[in-house]
Amino acid sequence: MATAQTDTGRSNQKKRTRTAIVDAARALIGGGGEVTMPEVARAALVSEATAYRYFPDLPSLIGEALAGVWPDPVDALAPVAGSRDPVERVAFACEFLLRGTLARQGGVRAMMAATIVRPDAENMRLGVRFGLIDHALSPLAATLGVTDPDAFTQLKRSLAVVVAADALFTLTDQCGLTPDEAITSAVRTATTLTEAAVRTAAEG
């Protein structure tokens with residue numbers, strides 16, 4: 001009996017420690033600053049070695065910390081749910097993703113850095129943009145998606161390049177744009193791509 005209680009106590013302590021580490025990572029990500037394992041451990045009041053016992057690397061920790069933070073595509077696009085205009089929907093989805101990325105950029109940048117040095121960690125990156133793009137383009141599924149499925153697929157691929165953290169950081173870090181300017185530029189490109197596809201669907 002005593003052994004069972006001891007095992008339960010240890011199990012509960014492990015859960016609390018894991019939760020503390022994940023919560024600390026979420027708080028740092030939400031703060032928008034740099035996210036590192038030492039900083040997470042410090043915020044969680046555990047040693048860095050302890051943090052690594054629960055999470056083998058930073059990407060796995062960030063992946064768990066970000067899981068559930070982003071709303072699903074239906075909820076995310078709720079403000080444009082009544083619109084059947086794919087251009088309006090894509091513009092909203094693009095701005096939603098990029099502003100969300102800015103708010104969590106410490107964690108996003110850390111995850112991106114990890115996938116550069118560790119290509120095998122690529123599947124740890126959250127595919128939030130793909131769900132948003134699919135849902136934003138749903139009005140085109142029955143038109144362009146039927147008449148020219150290849151063009152529809154290419155539109156999704158093109159938008160995946162623009163509606164992305166990589167594009168945002170290229171515009172801010174390398175092109176010198178402010179975050180607002182970068183988002184405006186990305187939204188303009190995304191809508192231009194979608195408008196061209198809408199014209200193709202209409203002509204078809």
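Output yes when any residue across the range 44-61 is aliphatic (A, V, I, L, M) and not in a helix (DSSP H, G or I), and no when none is. There is at least one residue in the range 44-61 that is aliphatic (A, V, I, L, M) and not in a helix (DSSP H, G or I).
Screening V69, V108 for residues that are open to solvent by 10 Å² or more (accessible area, probe 1.4 Å), in a helix (DSSP H, G or I), under 21 Å from L28 (Cα atoms) and at pLDDT below 95 leaves exactly one candidate, V108.
Among the residues of the range 32-52, those identified as farther than 13 Å from R109 by Cα and open to solvent by 20 Å² or more (accessible area, probe 1.4 Å) are P38, E39, R42, A43, L45, V46, S47, E48, A49, T50, Y52. Give me the pairs, please: first residue somewhere in the range 57-74 and hydrophobic (A, V, I, L, M, F, W, C), second residue anywhere and open to solvent by 30 Å² or more (accessible area, probe 1.4 Å), beta-carbon distance under 6 Å, and either six or more positions apart or on two chains. Pairs that qualify, where the first residue is hydrophobic (A, V, I, L, M, F, W, C) and the partner is open to solvent by 30 Å² or more (accessible area, probe 1.4 Å), are A65/R26; L66/L126; W70/V128. In this structure, T192 does not qualify as open to solvent by less than 70 Å² (accessible area, probe 1.4 Å), of a type in the set (S, T, Y) and over 15 Å from L97 (Cβ atoms).
Each row is one residue, and each column tells you yes or no for (1) at pLDDT 95 or above; (2) open to solvent by 30 Å² or more (accessible area, probe 1.4 Å).
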| position | (1), (2) |
| --- | --- |
| I116 | no, yes |
| G127 | no, yes |
| G131 | no, no |
| D134 | yes, yes |
| A142 | no, yes |
| G145 | no, no |
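Taken over the range 73-84, the criterion of being in contact with a helix residue (DSSP H, G or I) (Cβ under 7 Å, 6 or more places away or on another chain) and surrounded by fewer than 16 Cβ atoms within 10 Å (Cβ to Cβ) is satisfied by V74, P79, S83, R84. Of all residues in the range 91-105, those that are open to solvent by 20 Å² or more (accessible area, probe 1.4 Å) and part of a helix (DSSP H, G or I) total 8.
Which of the residues belonging to the range 72-90 are closer than 21 Å to L155 by Cα and assigned to a loop (DSSP other than H, G, I, E, B)? Steps first, answer last, please.
Just the residues of the range 72-90 that are closer than 21 Å to L155 by Cα, to begin with: 73-74, 76-77, 80-81, 83-90.
Result: L77, A81, S83, R84, D85.
The values are calculated or read from the model by the stated rules, or taken from the named source; none is laboratory data. This one's a predicted model, so the numbers in the text were calculated from it and none came from an experiment. FYI the Cβ positions are ideal-geometry reconstructions off the backbone, even for glycines, and counts take in every protein chain you see. Accessible surface is based on the protein model in full, side chains and every heavy atom, while ligands, DNA and RNA are left aside. Shrake-Rupley method; radii C 1.70, N 1.55, O 1.52, S 1.80 Å.
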